[in-house]
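**Q** Sharing a structure, written as structure tokens. Questions coming.
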Amino acid sequence: MDEEELKLEERLTPRAIGTLYGVGVGPGDPELITLKACRLLRECPVIAYPATKKGGKSYAHEIIEMHVKPDEKIMLGLIFPMTKDPVLLAGGWNRTVELCWSELKQGRDVAFVTEGDPNLFSTFIHLARLMQELHPGVPIVSIPGISSVLGAAAALEQPLADGDQRVGIIPATDDREALKEALLHHETVVFLKVAKVLDLVLDVLDELGLSGKASVVTKVTSPYETVWRDARDLRGKELEYLSLMVVSK
């Protein structure tokens with residue numbers, strides 16, 4: 001049976017296939033999880049989470065610890081490929097999907113936990129897309145979660161938008177012109193994962209006369225949360241990967 005015939009069989013065969021849930025577990029505080037997410041974490045027999053090659057826990061795994069009893073679950077640690085090599089990337093992603101499929105095809109529901117929301121810059125987006133491509137019979141459901149963007153607004157006690165103001169949620173990159181365009185066309189800009197280009201962003205803020213308008217938050221709402229009200233204090237320093245900057249005009 002070739003690949004196309006297998007996909008057709010999955011569509012037509014009346015058998016129980018588990019549901020793949022993308023469960024947003026919020027920005028860090030385990031109490032910032034919806035009631036629906038909590039229920040699914042209790043009910044799903046399989047909890048999938050990002051893991052390190054050494055078997056370490058992910059940030060999302062830490063968030064759900066108070067809601068899950070691991071000895072009552074199949075805990076499925078998924079290693080996501082951190083490479084730009086297209087061959088290694090494709091192979092790694094396919095293995096990850098097949099690990100989930102091995103549980104789903106036995107009728108077990110799988111809850112993949114992701115910090116923040118599963119549909120906003122989340123690993124779940126690609127996982128779900130590839131699952132649909134390789135195993136189109138799998139039901140896929142996403143459970144919204146509180147984004148770190150909203151957590152940062154609360155931590156800073158700073159509204160993101162009011163009235164007709166515009167908000168940009170922008171992945172921070174080394175594209176200077178893209179950074180500038182985002183700042184020029186929004187009243188508030190949130191730069192995600194800003195640590196790797198922090199000094200460049202600060203340079204652009206200086207150029208636009210906005211250097212005193214930026215704050216940075218790391219691991220917002222978690223026990224490790226750190227807030228810098230003035231981002232200029234961070235020039236030349238290293239930050240945690242899960243750091244974001246809020247620029248409000």
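**Q** Just to check I understand the Karplus step: with θ = phi - 60° and J = 6.51 cos²θ - 1.76 cosθ + 1.60, what whole-Hz values come out for the stretch 71-83, glycine and proline as x?
**A** 6, 9, 10, 8, 8, 9, x, 10, 9, 8, x, 10, 8
**Q** Give me the distance in nm between label points sitting 7 Å out from Cα along the Cα-to-Cβ direction at Gln158 and Arg232, one decimal.
**A** Simple spin-label model gives 1.4 nm for this pair.
**Q** If I model a spin label at Glu31 and Asp85 as a point 7 Å from the Cα along the Cα→Cβ vector, what separation in nanometres do I get?
**A** 4.7 nm
**Q** What list of ³J(HN,Hα) values in whole Hz, one per residue of the stretch 106-114 in order, does the Karplus curve 6.51 cos²θ - 1.76 cosθ + 1.60 (θ = phi - 60°) give from phi, with Gly and Pro shown as x?
**A** Rounded to whole hertz, the list is 8, x, 8, 6, 10, 9, 8, 8, 9.
**Q** Please work out the average accessible area per residue across the chain, using the 1.4 Å probe convention, and give it in Å².
**A** Using a 1.4 Å probe on heavy atoms only, each residue of the chain averages 53 Å².
**Q** Springs between alpha-carbon pairs under 10 angstrom, Gaussian network model over the chain: which of Pro136, Pro223, Pro86 fluctuates most?
**A** For the chain, modelled as a Gaussian network with Cα springs under 10 Å, the answer is Pro86.
**Q** Still on this structure, please answer the following. Of Val23, Val227, Val110, which is the most mobile in a GNM of the chain whose springs link Cα atoms less than 10 angstrom apart?
**A** Highest fluctuation of the listed residues: Val227.
**Q** Enumerate the calculated ³J(HN,Hα) couplings along the stretch 228-243 in order (Karplus 6.51 cos²θ - 1.76 cosθ + 1.60, θ = phi - 60°), each rounded to whole Hz, writing x wherever the residue is Gly or Pro.
**A** These are the phi-based 3J(HN,Hα) values: 10, 5, 10, 4, 5, 5, 9, 4, x, 9, 9, 10, 4, 4, 7, 10 Hz.
**Q** Quick one: compute the contact order of the stretch 123-237, relative version, from alpha carbon pairs under 8 angstrom and 6+ residues apart, as a percent.
**A** Taking the mean separation of contacting Cα pairs over the length of the stretch 123-237, I get 20 percent.
**Q** Mark the label point 7 Å from the Cα of Asp174 along Cα→Cβ and return the residues of the stretch 184-213 whose backbone N is within less than 16 Å of it.
**A** Within reach of a label on Asp174, which here means backbone N under 16 Å from a point 7 Å along Cα→Cβ, the stretch 184-213 contributes 194-204.
**Q** Under the definition of Cα pairs under 8 Å and six or more residues apart, what whole-number percent is the relative contact order of the stretch 167-207?
**A** 49 percent
**Q** Counting helices only, and only those DSSP H runs with n ≥ 4, report the 222 nm mean residue ellipticity of the chain as the sum of -39,500 (n - 2.57) divided by its residues, in deg cm²/dmol to the nearest 500.
**A** Helix-only estimate at 222 nm: -10000 deg cm²/dmol.
**Q** Still on this structure, I have one more. So if R0 is 35 Å, what FRET efficiency would Gln106 and Tyr224 give, r being the distance between their Cβ atoms, rounded to the nearest 0.05?
**A** Working from the Cβ atoms, E equals 0.40.
**Q** Just name one of Val97, Ala128, Thr218: the one whose Cα is farthest towards the positive end of the charge dipole of the stretch 81-233 (beta-carbon charges, Lys/Arg +1, Asp/Glu -1).
**A** Farthest towards the positive pole: Val97.
**Q** When N counts the residues of the chain, how does its alpha-carbon radius of gyration compare numerically with 2.2 N^0.38 Å, as a ratio?
**A** Expressed relative to 2.2 N^0.38 Å, the Cα Rg reads 1.13.
**Q** Can you give me the relative contact order of the chain as a percent, contacts being Cα pairs under 8 Å and 6 or more apart?
**A** Value for the chain: 22 percent.
**Q** Using a 1.4 Å probe and counting only protein heavy atoms, arrange Asp85, Asp174 so the residue with the most accessible area comes first.
**A** Most to least solvent-accessible, the answer reads Asp174, Asp85.
**Q** Can you give the Rg to Rh ratio of the stretch 166-238, both from alpha-carbon atoms, with Rh computed by the Kirkwood formula?
**A** 0.94
**Q** Once the Cα gyration tensor of the stretch 11-117 is found, what semi-axes does its equivalent ellipsoid get, as square roots of 5 times the eigenvalues, in whole Å, sorted largest first?
**A** After scaling each eigenvalue by five and taking roots: 22, 20, 12 Å.
**Q** Using every Cα-Cα pair within the stretch 101-249, state what percent have a distance larger than 26 Å.
**A** Of all Cα-Cα pairs in the stretch 101-249, 35 percent lie more than 26 Å apart.
**Q** Would you calculate the separation in nanometres between label points at Glu43 and Lys69, each defined as 7 Å from the Cα along the Cα-to-beta-carbon direction?
**A** Result for the modelled spin labels: 1.8 nm.
**Q** Just by accessible area at a 1.4 angstrom probe, what is the order of Glu181, Glu103, Glu157 from largest to smallest?
**A** Sorted descending by solvent-accessible area, the residues read Glu157, Glu181, Glu103.
**Q** Additional query: Run the 1.4 Å probe and let me know the accessible area of Met75, rounded to the nearest 10 Å².
**A** Rounded to the nearest 10, that gives 50 Å².
The values are calculated or read from the model by the stated rules, or taken from the named source; none is laboratory data. From a predicted model like this one, the values you see are computed outputs, not experimental measurements. Here Cβ is always computed from backbone atoms with ideal geometry, including for glycine, and neighbour counts include all displayed protein chains. These accessible areas exclude ligands, DNA and RNA; they are computed on the full protein's heavy atoms, side chains included. Shrake-Rupley method; radii C 1.70, N 1.55, O 1.52, S 1.80 Å.
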